[in-house]
Every structure is written in C-alpha cells, then in structure tokens.
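Heads up: the structure comes next, in structure tokens.
Just so it is clear, none of the values below were taken in a lab; they were calculated from the coordinates. From a predicted model like this one, the values you see are computed outputs, not experimental measurements. Reconstructed Cβ throughout: ideal geometry from the backbone, glycine too, with neighbour counts over all protein chains shown.
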Amino acid sequence: MNIAIINTRILSFRGNNLGIIDNGAIGITDNHISFVGTMEKFNKQDADIVINGDNHVTMPGLVNAHIHTGSTLLRGGAQDLPEIEWMNKGIGPIGRHMKPEDAIVGSKLGVLEGLKSGTTTFAEYTSNVSNLVNHVYLPFGARVVATETINEVSPKRDHLKPTDLYEFDRQKGETAFKRASELFKKYQDEELVSCMYGPQALDMISIELLKSIQEEAKSRESGIHIHVAQGQRERLQIIERFGKDASTVKILEKNELLDENLLGAHCHDTSEAERALMVKRGVKMVGCPSSISMIDGIVPPIGHFVALGGKVGIGSDQAPGPGLHNMFCEMRTISNLTKVIMKDPTVLPAWEVLQIATVGGAQILGLDKKIGTLEVGKQADIIMVNLNSLNLAPAVSKPFRNYIPNLVYSSTGYEVENVIINGKMIIENNEFVSINTDEILKEANKRAERIFSDATDDWIKAGSKLVKDVEDGFL
C-alpha cells in the first residue's frame with residue numbers, strides 16, 4: 001500500500017446516497033483504491049505514507065465538467081456587459097491579442113486554481129487542446145477530458161450586427177475535426193487523458209459537419225460536447241439561418257442529433273418542453289451557474305433537468321465570465337439561485353449538489369467506471385477537506401451531520417488540504433508538492449498586462465458598454 005488515510009469522515013458516494021462512513025479509512029495502492037471502510041477493518045502497517053484524517057472529510061475529487069482555462073489571463077475583462085455584447089464587443093477584441101503561449105500560461109493559472117479548491121478532473125474545451133494537455137495537465141498530474149473545439153466561423157466578427165450571419169469556412173471546421181480525431185490515438189495510453197468531440201454550437205457549425213462528427217464519435221464510443229441554446233445571440237443566429245420558428249433543440253431533433261452521446265452545455269435558452277425532449281432522448285447537461293448568471297443574467301436550468309430525471313454536471317466555464325474556477329463556489333451558486341427561481345428552499349439540497357459535482361460529473365463525461373465514487377478498484381482521485389476551519393466549524397455528527405450542508409454553503413474551497421490524483425499527491429498540507437506557483441503567477445501577470453495594453457484600441461473601437469464605464473471613472 002502506498003498511501004493510507006485513517007480516522008477520517010468519508011463521503012464515498014456509493015449507492016443512492018452519500019455512502020457515509022463516520023470513522024473510516026482508505027487505502028491506495030499504486031493508482032487505485034485498495035480499501036474503503038471502517039477503521040476497525042483496516043490494517044495500515046504496510047503503508048508508505050499515513051495521513052491522519054481527524055477533523056477532515058475525505059471524498060472524491062470534484063469534476064469541473066465544462067471549462068476553458070486558456071482564457072484565464074482575461075479574467076475581469078468582460079464582466080457587467082449586456083449578453084448580446086459579451087462575445088463580439090467584450091471579450092473578442094481582447095482575446096484576439098492572445099498568443100498560443102499566453103493560453104498555456106492562462107491554463108496553468110486556471111488549473112492551479114481548480115486544483116487548490118479540490119477539482120481533480122477538468123473537461124477542457126478549446127482549440128488545439130493538445131497544447132494544454134501536453135504543457136499543463138500532464139505536467140501538473142491533473143485528469144483532463146480533452147475536448148477539441150470545432151467551428152467554421154472566422155474569429156473576426158466584432159463588426160457584425162447580432163442578426164448578421166456568420167460566414168462558414170468548411171475547411172476550418174474539417175481541420176479541427178481532424179485534430180479532434182487524432183487525439184484519441186495520441187492519448188490512448190495516458191491514464192489521465194480521455195477525449196470528446198467539441199462542435200462549438202449549432203450557430204457555428206454546419207449540419208453536414210455535425211452529422212459527420214456524430215458518426216465518428218459513435219464509432220469511437222465517445223461523446224459530443226456542444227454548447228446548446230446559450231442565449232439571445234445564438235437564438236438570433238438560428239432564426240436567421242433556419243427560419244423564424246426554429247430553435248437549437250428543434251433543429252437538432254429534426255436532424256436526429258439528440259441522443260445519449262450528446263452533452264449539452266448551458267441550455268438556458270431552452271423551453272421546458274425542449275428539456276423534457278432532451279431528457280427523453282438521453283441527452284446529458286452541464287450547467288455553469290456563475291458564468292451564465294454573470295453573462296446572461298439567467299440561472300441554468302439544472303434544477304428542472306434534475307427534476308425531469310436527466311443526468312447533470314456543473315462547470316465554471318471561462319474566467320472572464322464568472323471570474324473564477326472554484327467548484328465549491330459553483331455548488332453554492334446553483335443551489336441558492338435555483339431555490340430563488342423555483343421559490344422552493346428544498347430544491348437542489350446540499351447532498352444532491354455534492355453528487356452532481358462528483359459522480360454526476362463523472363457520469364456525463366463517461367468516466368464513472370474510473371472515478372466519481374470511492375470504491376475498491378477505482379482510480380484514486382481523492383480530496384480531504386479540513387473541517388477545523390473558522391467557516392466550517394463546528395462539525396458534528398449527531399443527530400445529523402452538519403458538515404454536509406456546510407461543505408456546500410460555507411466552504412470557500414480553500415479548506416481543501418490534500419489532493420490526490422491517480423494515486424499521486426498533488427497537494428499536501430495546503431502546498432503543491434512539485435509546482436512553483438510563484439513563477440506562474442509572475443508570468444501570468446506580465447503577459448496579461450501586455451495583452452490588455454495591446455488590445456486597447458480594438459477594445460475601444462468595439463464600443464461595448466464598458467467603454468463608457470471607463471470614461472465615467474468606474475473602471
């Protein structure tokens with residue numbers, strides 16, 4: 001045995017509840033879990049490392065099921081904007097001044113933030129995703145679902161009106177499709193890497209190419225991760241392209257693209273009937289509560305999707321939207337906002353949100369046979385949260401375990417003290433084991449200063465609402 005965790009409160013997520021063990025132990029041998037149970041049945045004598053879990057809760061690592069870490073250097077660059085301006089007038093004019101190496105540094109910053117707050121699996125969604133896999137995820141020892149963005153649209157579109165159709169470049173889409181397919185062979189021997197196809201959105205890709213992606217994904221037994229009905233901008237494009245009564249879900253259904261291989265991100269511009277159809281067809285959903293409430297002023301329909309019996313995960317999206325990559329924040333945000341919009345304080349209770357952020361995320365990414373629960377034989381992705389923190393204390397177990405709601409409603413994420421991925425210690429006693437965060441922070445700040453400075457003229461010319469906010473002295 002390599003690692004033994006003793007005297008700890010365990011949330012294993014086995015079965016239909018949280019699989020709670022009040023005084024438990026976990027054994028890790030190589031990269032797998034070799035024991036989960038009570039202390040009375042555990043023998044730690046042959047363990048190389050023994051971690052005392054007293055005053056800690058030990059649970060599966062969190063799964064960020066939709067994230068764009070490469071844009072983390074643009075944090076704070078597109079907040080408090082009308083949704084219709086966010087992409088073309090807000091973040092677009094700044095993002096175009098990023099270089100490929102900037103995205104790598106931004107990704108390092110975003111992944112480090114996620115790791116520090118308990119995320120062990122990241123569904124990374126970007127173009128040339130292998131750059132981030134090679135330079136960030138594998139060196140950091142983080143688990144990643146590498147999702148290659150596929151679209152046919154020119155990035156230079158801040159001059160377009162909302163109803164101006166994007167021009168499609170089929171060759172651009174085919175090139176990205178080929179890169180996505182090559183990922184499967186490239187990382188077939190990497191335990192920490194799995195792959196999905198990422199057609200960006202129905203307004204950014206042709207039906208013909210989308211059907212080709214569907215066929216290829218099925219042949220590889222992979223999933224398709226696509227932004228679905230993500231707001232007014234997309235709706236206007238869909239209406240212009242397909243007709244006044246069209247919607248993203250209607251067009252996907254008409255073309256037999258709604259099925260169990262589809263993972264829809266956001267989905268906040270869907271009707272209740274469309275969500276019911278998605279669940280009926282086996283479509284999975286990932287919502288990004290902080291991002292969508294910030295960018296669109298809308299609560300992702302996670303609560304309704306769950307009520308319909310759908311499979312759901314949550315993600316942080318990109319830093320220029322919500323501002324951070326912290327899954328504890330996402331759990332609290334979606335639980336609170338859903339209670340408000342449904343006017344029901346009992347919906348999305350703490351235990352259900354914890355399930356969504358762990359085993360739920362693993363399920364929608366096709367990883368639930370490997371991770372998401374603490375069971376013998378599964379890969380050892382484990383976090384330990386220190387309950388002896390000012391914002392989490394006191395922690396009691398009778399007559400009920402108050403630390404479970406406290407994990408969702410009181411934690412900042414930085415009470416995560418130990419992070420283990422694939423049996424390897426990534427964070428030990430609040431410190432990264434082998435990553436120099438100071439150097440990365442220094443480089444991130446330097447690059448961000450250059451990007452924002454270089455983008456000044458383009459950003460002003462684009463004329464978003466924030467330009468006037470700057471002129472008025474608020475930014």
Inset, instruction - About the Cα centre of the stretch 14-139, how large is the charge dipole given +1 on each Lys and Arg Cβ and -1 on each Asp and Glu Cβ? Please answer in debye to the nearest 20. - result: 260 debye
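Between beta-carbons, use under 13 Å as the cut-off and find the net charge around VAL50, counting Lys and Arg +1, Asp and Glu -1.
Numbers: positive: LYS44; negative: ASP46, ASP48, ASP54, GLU428.
Neighbourhood net charge equals -3.
Give me the dipole magnitude in Debye, nearest 20, for the chain about the Cα centre, with unit charges on the beta carbon: positive for Lys and Arg, negative for Asp and Glu. Could the numbers behind the result be given before it?
Numbers: 50 positive and 61 negative charges, 123 e Å.
For this selection, approximately 600 debye.
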Legend entry - the stretch 62-364: relative contact order as a whole-number percent, Cα under 8 Å and 6+ apart: 21 percent
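Most exposed first by the Cβ proxy, i.e. fewest other Cβ within 10 Å, how do HIS68, HIS32 rank? Intermediate results must be reported in sequence, preceding the final value.
On the way: HIS68 27, HIS32 17.
Ranked by crowding around the Cβ, least crowded first: HIS32, HIS68.
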Legend entry - Extended-chain gain in nm, criterion 0.36 nm per residue less alpha-carbon gap, GLN45 and LYS185: 46.3 nm
Inset, instruction - With an 8 Å cut-off on Cα pairs and a minimum separation of 6 or more residues, tell me the relative contact order of the stretch 54-168 in percent. - result: 31 percent
Legend entry - Whole-angstrom gap from the stretch 423-457 to the stretch 239-294, using each part's C-alpha centre: 35 Å
Legend entry - Net length gained if the chain between ASP458 and ALA273 were fully extended (0.36 nm per residue, minus Cα distance): 62.4 nm
Legend entry - Projected label distance in nm at GLN171 and LYS218, using a 7 Å step from Cα toward the beta-carbon: 3.1 nm
Legend entry - Rounded to the nearest 20 debye, dipole of the stretch 143-262 from Cβ charges on Lys, Arg, Asp, Glu: 340 debye
Inset, instruction - Calculate the length of the line joining the C-alpha centroid of the stretch 152-231 to that of the stretch 1-53, in whole Å. - result: 41 Å
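Which pairs break 30 Å Cα to Cα here: LYS44/LYS370; LYS161/LYS339; LYS161/LYS185?
Details: LYS44/LYS370 24 Å; LYS161/LYS339 36 Å; LYS161/LYS185 41 Å.
Pairs exceeding 30 Å: LYS161/LYS339; LYS161/LYS185.
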Legend entry - Share antiparallel - DSSP beta bridges, the stretch 62-364, percent rounded to 5: 5 percent
Legend entry - Set of the stretch 95-132 residues, backbone N closer than 15 Å to the point 7 Å along the Cα-Cβ line of LEU390: none
Legend entry - For peptides 437-448, 373-384, sequence by mean Cβ density within 10 Å, most packed first: 373-384, 437-448
Inset, instruction - Answer with one residue from GLY366, VAL470, LEU74: the one whose Cα lies farthest towards the positive end of the charge dipole of the chain, charges on Cβ with Lys, Arg +1 and Asp, Glu -1. - result: GLY366
Legend entry - Distance-filtered residues of the stretch 276-315 - backbone nitrogen under 20 Å, label point 7 angstrom along ASP469 Cα→Cβ: 289-299
